[in-house]
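Here the structure comes first, spelled out in structure tokens, and everything after it is commentary.
The values are calculated or read from the model by the stated rules, or taken from the named source; none is laboratory data. As the structure is a computational prediction, the values presented were derived from the model and not from experiment. Ideal geometry is used to build each Cβ from the backbone, glycine not excepted, and the neighbour counts take in all protein chains shown.
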Amino acid sequence: MTKSTLIQFFQFSLVGLFSFAIDFLAMWVFSQWIPLVFARSLAFLLAVLSNWICHRLYTFRRHKDQQAKLKEAIHFAIASLVGMIPNVGIYGWIVHSDEYLLYSSQPYAPLAAMIPGIMTAHIFNFALSKYWVFSHKKVQGLSSRPSA
């Protein structure tokens, strides 16, 4: 891994911590009123929005092409949906497991169950963000057709 990639990963992780705080707070609020997996999905979507804004302004600011903003937002949404699969999937698996039922009466249980999925999705999201969403060089098979 190059020094530049390590710096970007560190910046990506800082933004991720900020978005985790948003995700965590939203999950805590939503889980008071709606089923856990739905609460998890809504909280995740708020975190995605904050992630895109922060990554565009901080982590990948060198790639800020105003003309490509909509395309970039669409690519980020797609990449986030890919990351949502392990994130919400692992969360759903945990909260429906027998072991979780032992701790489900604890107020932190729904929030602690978020962590493994977030950590897994973090790796997917960094790779897709660096090499597809915010890159001028697109990953083979994922990029749009070249313009004429």
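Structure data summary
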{"quantity": "Residue check for I34: surrounded by fewer than 18 Cβ atoms within 10 Å (Cβ to Cβ), of a type in the set (A, V, I, L, M), modelled with pLDDT of 90 or more and over 19 Å from S19 (Cβ atoms)", "calculated": "yes"}
{"quantity": "Selection from segment 103-134 of residues that are polar (S, T, N, Q), surrounded by fewer than 16 Cβ atoms within 10 Å (Cβ to Cβ) and within 30 Å of E72 (Cα to Cα)", "calculated": "none"}
{"quantity": "Enumeration of residues in segment 90-102 that are of a type in the set (S, T, Y) and surrounded by 13 or more Cβ atoms within 10 Å (Cβ to Cβ)", "calculated": "Y91, Y100"}
{"quantity": "Residue match in segment 1-14 (condition: of a type in the set (A, V, I, L, M), assigned to a helix (DSSP H, G or I) and surrounded by 14 or more Cβ atoms within 10 Å (Cβ to Cβ))", "calculated": "no"}
